[in-house]
1. What average count of beta carbons from other chains do you get within 10 Å of the Cβ of residues in A:449-456?
2. Pulled fully out, how much extra length does the chain show between residue A:557 and residue A:476, if you take 0.36 nm times their separation in residues and subtract their Cα-Cα distance?
3. Write out the chymotrypsin sites (Phe, Trp or Tyr not before Pro) in region A:118-185 meeting two conditions: DSSP loop, and at most 10 other Cβ atoms within 10 Å of their Cβ.
4. Could I have the simple spin-label model distance between residue A:204 and residue A:413, label points 7 Å from Cα toward Cβ, reported in nm to one decimal?
5. Going toward the positive end of the dipole of chain B, with +1 on Lys and Arg Cβ and -1 on Asp and Glu Cβ, which of B:133, B:202, B:173 do you reach last?
6. Of the trypsin sites (Lys or Arg not before Pro) in region B:17-107, which ones lie in a loop per DSSP and count no more than 14 other C-beta atoms within 10 Å?
7. About its Cα centre, what dipole magnitude does region A:410-487 give when the only charges are +1 on Lys and Arg Cβ and -1 on Asp and Glu Cβ, stated in debye to the nearest 20?
8. Just how many % of Cα pairs in chain A lie over 37 Å apart, if you round to the nearest whole percent?
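Read-outs throughout are calculated quantities, based only on the coordinates presented, and are distinct from any laboratory measurement. On a predicted model such as this, the values are computed, not experimentally measured, just so you know. FYI the Cβ positions are ideal-geometry reconstructions off the backbone, even for glycines, and counts take in every protein chain you see.
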Amino acid sequence: MGSALGKKRAMGRIANDFVINVATANGTGSQSSNLIILHSMFEMGVPVSGKNLFPSNISGLPTWFIIRASDRGYQAPGDSTNIQVVMNKDTWAEDIEKLEPGTVVVFNEDVRLPVDREDCVALGMPMTKMARGVAPKLARLMCNMYYVGALAHLLEIEEGAINKAVASQFKGKEKAIELNIQAISEGRAYAKENWDFESQFCVEAREKDPATYLIEGNEATALGAIYGGINMLSWYPITPSSSLAESIIGWIPELRSDDSGGSTCAVIQAEDELAAAGMVIGAGWAGGRGMTCTSGPGISLMSEFIGLSYFAEVPGVIWDVNRVGPSTGLPTRTQQGDLTLLYEASHGDTQHIVLIPGTVDECFEYGWKAFDYAERFQTMVFGFSDLDLGMNRWETAGFQYPDSPMDRGKVIRTQEEMDSIENYGRYRDVDGDGIPYRTLPGSGLDPILYRGTGHDEDGVYSENPQVYHDAMARLRVKIDGARSQLPPPVIREEEDKEVGVIFYGSMENTIVEIDDILEETGLSVSTCRVRALPLHPEIEEFINRHEKTIVLEINRDGQMYGILRREVPAELVPKMHSVAYSDGMPPRARVYAEKILEVLNEVDA
Amino acid sequence: MTVLKLNVLELEKSEYTGGKSSLCPGCGHDQISNVIIQSAWENGIPPEGIAKMSGIGCSSKTPAYFLGKSHGFNTVHGRMPSVTTGANMVNKDLSFIAVSGDGDTASIGIGQFVHAIRRNLDMVYIIENNGVYGLTKGQYSATVEKGSKKKKGSTNQQAPIDLCAMAINLGCSFVARSFSGSKKQLTALIRAAMSHRGMAVIDVISPCVTFANNDESYRSYNYVKDNDEVLHILDYIPHFSPLEEVEVPEGEFGEISLFDGSTLRIETVGSDHDHTDAVSALTAIHKAEKGERHVTGLLYYDPEVPTATDSLNLSETPLVGLSEEMMRPSEDSLKGVNDRFRT
């Protein structure tokens, strides 16, 4: 059936601007194949991104991998699929039905299902049969390498790039490298011999910056934590944060062992997220750098402890790799739905520092900086990532070594230091910055009983109204003081200050394309990427300078918009308009661009 | 001239006392606080080396009333073990002395209690167990015996959770039960627990004088005094003064060598309890429960269990004492990491 359709010939070549969608079943090893395609294109210097849309399941449920090549550097999933690989019988019909006319369909003939689309180009290959020839027992896994070969042929991916990607994927496993390269070569040869079809799309080598590589956000954060001097990692497994913890665990032996091989970072797999948060607070209280990582459900559970950290002023770091809520939600899909939760976690009046990376470089940077902020401000500091940034691979030119020594904050370590402070009290603000000094257990210096109950400036239990009021006022001064010390927003401003777009986090990877789509309609927008909460003063100025501001985010309720509404002066509020949308998928540029235009139209009407 | 009594560190007992208690007069918890003060002083533990830990409840307030020269953390309800775990990971040299209640340990924090035991966290875990929630005005807790009745309200119909039996089943390295009114036994047990390395659970029956000290309560002073099934007589002999006055028992006795070199001498009182045998310990607990009595003494002891930090191969130096060079890998190492991803 493939041959009849396969005679169609494509018009004009399009280099480095296409979307491949690979439909497979979870647990069939297709991730390796997909990453080989991704990395081989990256090797050729082609700007490429990959999105893994996987189910909450170990094996058998459908999974899709979207690869986008784009000379313009677009990293969002494109609007439509140009090449569809179908391997999974369960989603076969649906995968094929939704394709746009002209799509190239590469399929495994051995699944024995039809490709009933006269308007598409169907290219079949007996992948399972061929895989059996190479590795009879591994045919189920190996057959995925044949579509790599097929795509390599169609897109003209260089053999050298493929071989390098395979070697990197199966590091050191010579037999696996050999078998997989054989399978890919066979796939390429079969396509060449049997398919009378030339693809419109191709990969064209670009000059590759040899410094660049692809890495998942979670691994970048993990390395940041390692270089931030993490002393204790407590964690409870939860998608999509588990790989962050596992990456730290993986790097400890090499990077965090002392001369005798002893570890300088303790790792505890906790009994639940509550315990993980308690351990972070225990470590911070004792003077160490404690951290945990989790996702929304974990933050909900940790909330009581987060309030203790805020009120008793104990440093700690929690990374939230956001997945789709509420409740268990869509555990393997992405969202920016936890922002408000993090900012105000726990009962009573609280406010927390939240660092919001938008790139893997920032994941690394905030990975180490989070500890400095936590110890400087003696409070819980959140890193806010999401599944898209955390579990997909993004480009970096290599991480930069920390440019400042560790900031251990206001810790009194000797009697001399203690004597130099007039009127010391654990919770007394002697410098006017809202940050008191502290002493550590084991030091013998002015010990107190830390507590989550009301306490006076000396840390003694108190229910006195004035004492409580003043303590809460000081905490506000302390956290407000962080605003200008946290990462400032990244602002790119048009001369014409008509529309400004405020966004944050992983939306960074879609904003360029959104901007281009808006530009096509004649709309030039300035952009302002928020990188931390509480808000930096420059954000308010950005809003002030623009006639209209769109607050763009991946959630239903416009959580950043809500925070801005409350925190900017009332006269600026009418200038701001929320564009918030979330369906669990990584943001597609056109969806958000159209929503921005809709909102602006409504405003103008 | 006044002669001061000093401990082995030449410190007065006042160096180990705390603030004034705000608990009800006669509360068993205050007696336990006094024993903690006495034990830490007599054992000669430097006050600055101690970390006092607690959760929430009447019992968890008491760290304010003892060891005023030590840092402490009155954490959240039932979650003291996790905070202690984090602190222990980064500073294994601290001596953790924790108090908790039956609400903390047997209800809201039972999961953390279980896992702290499972890890054999190096701490003394004292449960001040009165069978009621005091601060919220006397509701039953999960440890109260079936058939026991507090001052007001109906008789408890639910089966109790026996925290010692649970600890033994979890392989806890030191499990004891005592009574706040048995000062000598409790002192020997707490001193021994302080000399132990690993999790030492001491479940102390501590009558609530306000809500459950009536005779129908199985945890009233009178009831416990009349129904105390004492396993053995205990004497603690500190490592620094092996010749300290100890009554040498006439009958059979055994000795336990504790981690710091101190000794716990055990004189058997008519029973054939074997503290190295979990089955024997569980039998003693179940027999007592059946007879509506409380068994007290050292129920179970196993010095061979590795502690939480032992099994992690941590740096010799407590992690809080590491220099920045030890905590932040070199710039060269990051170049190596980057290069590895590039190939």
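1. Partner-chain Cβ atoms within 10 Å, mean over residues of A:449-456: 6.
2. Values: separation 81, 0.36 × 81 = 29.16 nm, distance 2.59 nm.
Gain on stretching residue A:557 to residue A:476: 26.6 nm.
3. Qualifying residues, ordered by number: none.
4. 5.9
5. B:133
6. Values: sites: B:20, B:52, B:61, B:69, B:79, B:92; in loops: B:20, B:69, B:79, B:92.
Counting only loop positions with at most 14 other Cβ atoms within 10 Å, the trypsin sites (Lys or Arg not before Pro) in region B:17-107 are B:20.
7. On the way: 10 positive and 14 negative charges, 87 e Å.
Dipole of region A:410-487, to the nearest 20 debye: 420 debye.
8. On the way: 73803 of 182710 pairs.
The answer is 40 percent, as a whole percent.
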